[in-house]
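Visitor: One structure, as structure tokens, below. Some questions next.
The values are calculated or read from the model by the stated rules, or taken from the named source; none is laboratory data. All values reported here derive from a predicted model rather than from experimental measurement. As a convention, Cβ positions derive from the backbone with ideal geometry for all residues, glycine included, and neighbour counts pool all protein chains shown.
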């Protein structure tokens, strides 16, 4: 793999220390300013890496490596680094709390923009709108904070520091509960007639170029397990009943951009979440993928083993898990329908809102990959996902040269603008606002690495790693080259000269690259899939080595001199080691066995020489 996660992560930390300055006068703003999402993303750049790579942990001062201390020198020495991080987390938790209700807030801030070409700025009330991206990012942040504090607390003895840690942990727990409630209230179901524009697109996606008279029945049959789970979620009950009773209805499910209009309140021990929702009740692909990625942290092995969730959160997580499972199965099924080619293979993906983009194809593919991984899908299906990733890399001009006035560059800058339906209802005269989808390259990079970790085939994994290397070369070039944000992301003009240069970093982009580095670290730490040819070759070598060794034993070589006896003992040990490694590391087993055969052949040659004398 071209990417070396450890070195690159330390390089990012050095760049953050330089750009943000000392912890006492920490600069939170990126090039767009500061909001509940970007500030959380900045903290994640500091918190996530050591939880993926234990060798760069800083929560145990006596074990902090020298290069880690150098990278985070802006926070002080090994003892001060975790103290400063705790302080920054506390600052964040206190900043994003409603002073009247004392409930956490999840505003989108400057991440919300008006329609391209519209010079109007969003209304102040619109900047306070709570969005799914903030809910999901907060789940990832809070679980990362709780893991960090669990590791750091045993190292602390001073009462004042222990009290600060307790306060920060309590604030993180409150924010985690609130984020889970927000996601729960943002899930929605949209039901529509099969002959509506949305129904027509869904049928054409599944069976392009044909007019299957039973297309609706076939789609509903494929989704029967999803439909069976909808009543258990307990929302949109009238629509769900309408869907189940009318065979000419189709549907979508997932997360809208924020709390949905008419959503039920959620009561918790820390407060009642009953703020009126603004989001129109239909799912958005981007926010569904963001929610699925965030919720997955609640079910991770680390979260379970460390017992990060309290009883109330565990009950809420069961509701989220049901929503998560239904949404993921829905989109995976819709994307892989049809008789031959999957709908997701027909680029670009068309939404039921009559929008199409390669970006949407990559988002849908993310959900397909998740589902195939959970279902232990056959290699043939995973290979189809690989082909689509390669096609998207080429179509997005990540692996191919851009054309003059190439429309594909809009995917990188300014990105795909998606209108947030309902957000204009905040106040009279408020403009339409939307969300920019602009991290195509990092999303592609992360999906290629994640899929490489799923496949159990050496050839397919090599193919995916080659793709990941190509995308990493692209991302490397997009780092800022000068100024205080040097080595952070993102300046696509370094790759595409026709685009305008950026001279300040974006935590939105930097965090996503950092998360990809964590995925790469996971991939490196896991054993690669053994190739069948190598395993077969190692097995044949083992059989030959054991046969030759047994012959030496029959000749009584083990009873000869001490040197010969010691040599045979070493060969026996090497064969046992090779036998243990055969299934997981056949190449290493082969190296051991070749050495065994070489040593045994020396014994045979020596015997022949003595016989000749």
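Visitor: Which of (1) in contact (Cβ under 8 Å) with a residue 24 or more places away in the chain; (2) surrounded by 20 or more Cβ atoms within 10 Å (Cβ to Cβ); (3) assigned by TED's automatic domain parsing to the domain that holds residue 44 is the odd one out, the single condition residue 479 does not satisfy?
Guide: Looking at each condition in turn, residue 479 falls short on (1).
Visitor: I've got another one for you. Mind listing whichever residues of the range 66-78 are surrounded by 15 or more Cβ atoms within 10 Å (Cβ to Cβ) and outside any helix (DSSP H, G or I)?
Guide: 72, 76, 78
Visitor: Working only within the range 270-280, note down all residues that are over 16 Å from residue 418 (Cβ atoms) and in contact with a strand residue (DSSP E or B) (Cβ under 6 Å, 6 or more places away or on another chain).
Guide: If the condition is that a residue be over 16 Å from residue 418 (Cβ atoms) and in contact with a strand residue (DSSP E or B) (Cβ under 6 Å, 6 or more places away or on another chain), then 273, 277 are the ones that fit.
Visitor: For the condition assigned by TED's automatic domain parsing to the domain that holds residue 348, at positive phi and not in a helix (DSSP H, G or I), what is the one hit in 277, 258, 262?
Guide: Matching residue, one of 277, 258, 262: 262.
Visitor: Looking at the range 375-391, is at least one residue at pLDDT 95 or above, assigned to a loop (DSSP other than H, G, I, E, B) and surrounded by 16 or more Cβ atoms within 10 Å (Cβ to Cβ)?
Guide: The answer is no, given that none of the residues of the range 375-391 is at pLDDT 95 or above, assigned to a loop (DSSP other than H, G, I, E, B) and surrounded by 16 or more Cβ atoms within 10 Å (Cβ to Cβ).
Visitor: A further question on this structure: So is residue 59 more than 26 Å from residue 484 (Cα to Cα), buried (at least 21 other Cβ atoms within 10 Å of the Cβ) and touching a residue at least 24 places away in the same chain (Cβ under 8 Å) or not?
Guide: Here the answer is yes, as residue 59 does meet what is asked.
Visitor: For the range 211-235, enumerate the residues that are under 21 Å from residue 289 (Cα atoms) and assigned to a loop (DSSP other than H, G, I, E, B).
Guide: Once the filter is applied, which keeps residues that are under 21 Å from residue 289 (Cα atoms) and assigned to a loop (DSSP other than H, G, I, E, B), the range 211-235 yields 223, 235.
Visitor: Also: Here is a check on your reading of the model: is residue 94 at pLDDT 95 or above, more than 30 Å from residue 526 (Cβ to Cβ) and in a helix (DSSP H, G or I)?
Guide: The answer is yes for residue 94.
Visitor: Looking at the range 320-349, which of its residues are assigned to a helix (DSSP H, G or I), within 24 Å of residue 380 (Cβ to Cβ) and without any contact (Cβ under 8 Å) to a residue 40 or more places away in the chain?
Guide: 335
Visitor: Please state which one of 85, 81, 16 is part of a helix (DSSP H, G or I), out of contact with any strand residue (DSSP E or B) (no Cβ under 8 Å at 6 or more places or on another chain), buried (at least 16 other Cβ atoms within 10 Å of the Cβ) and free of Cβ contacts under 8 Å to residues at least 24 places away in the same chain.
Guide: On inspection, the qualifying residue turns out to be 81.
Visitor: Would a scan of the range 125-144 turn up a residue that is within 22 Å of the chain's Cα centre (by Cα), more than 23 Å from residue 289 (Cα to Cα) and assigned to a helix (DSSP H, G or I)?
Guide: Looking through the range 125-144, none of the residues is within 22 Å of the chain's Cα centre (by Cα), more than 23 Å from residue 289 (Cα to Cα) and assigned to a helix (DSSP H, G or I).
Visitor: Evaluate the following for residue 36: is it buried (at least 17 other Cβ atoms within 10 Å of the Cβ) and either in contact (Cβ under 8 Å) with a residue 60 or more places away in the chain or in contact with a strand residue (DSSP E or B) (Cβ under 9 Å, 6 or more places away or on another chain) (or both)?
Guide: Criteria met by residue 36.
Visitor: Among the listed residues 503, 601, identify the single one that is more than 30 Å from residue 366 (Cβ to Cβ) and assigned by TED's automatic domain parsing to the domain that holds residue 455.
Guide: Residue meeting the stated conditions: 503.
Visitor: I would also like to ask the following. Please give the number of the condition residue 352 fails out of (1) touching a strand residue (DSSP E or B) at 6+ places or on another chain (Cβ under 7 Å); (2) crowded, with 16+ Cβ neighbours inside 10 Å; (3) free of Cβ contacts under 8 Å to residues at least 24 places away in the same chain.
Guide: Among (1) touching a strand residue (DSSP E or B) at 6+ places or on another chain (Cβ under 7 Å); (2) crowded, with 16+ Cβ neighbours inside 10 Å; (3) free of Cβ contacts under 8 Å to residues at least 24 places away in the same chain, residue 352 violates only (3).
Visitor: Still on this structure: Looking at residue 88, is it over 22 Å from residue 45 (Cα atoms) and in contact with a helix residue (DSSP H, G or I) (Cβ under 9 Å, 6 or more places away or on another chain)?
Guide: no
Visitor: Which residues, counting only those in the range 47-65, are out of contact with any helix residue (DSSP H, G or I) (no Cβ under 8 Å at 6 or more places or on another chain) and more than 14 Å from residue 77 (Cα to Cα)?
Guide: 54
Visitor: Among the residues of the range 450-490, write down those that are part of a loop (DSSP other than H, G, I, E, B) and closer than 30 Å to residue 372 by Cα.
Guide: Within the range 450-490, 455, 456, 457 meet the criteria.
Visitor: Would you point out which residue out of 425, 413 is part of a loop (DSSP other than H, G, I, E, B), in contact (Cβ under 8 Å) with a residue 40 or more places away in the chain and surrounded by fewer than 18 Cβ atoms within 10 Å (Cβ to Cβ)?
Guide: 413
Visitor: For the range 491-517: of the residues being in contact with a strand residue (DSSP E or B) (Cβ under 8 Å, 6 or more places away or on another chain), in a loop (DSSP other than H, G, I, E, B) and touching a residue at least 40 places away in the same chain (Cβ under 8 Å), which is surrounded by the fewest Cβ atoms within 10 Å (Cβ to Cβ)?
Guide: Selected residue: 504.
Residues are listed down the side, and each one gets a yes or a no for (1) touching a helix residue (DSSP H, G or I) at 6+ places or on another chain (Cβ under 9 Å); (2) buried (at least 20 other Cβ atoms within 10 Å of the Cβ); (3) within 14 Å of residue 313 (Cα to Cα); (4) without any contact (Cβ under 8 Å) to a residue 40 or more places away in the chain:
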| residue | (1), (2), (3), (4) |
| --- | --- |
| 176 | yes, yes, yes, no |
| 179 | yes, yes, yes, no |
| 186 | yes, yes, no, no |
| 192 | yes, no, no, no |
| 202 | yes, yes, no, no |
| 213 | no, no, no, yes |
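Visitor: Condition test on residue 164, is it over 21 Å from the mean Cα position of the chain (by Cα), assigned by TED's automatic domain parsing to the domain that holds residue 39 and surrounded by fewer than 23 Cβ atoms within 10 Å (Cβ to Cβ)?
Guide: So residue 164 passes the test.
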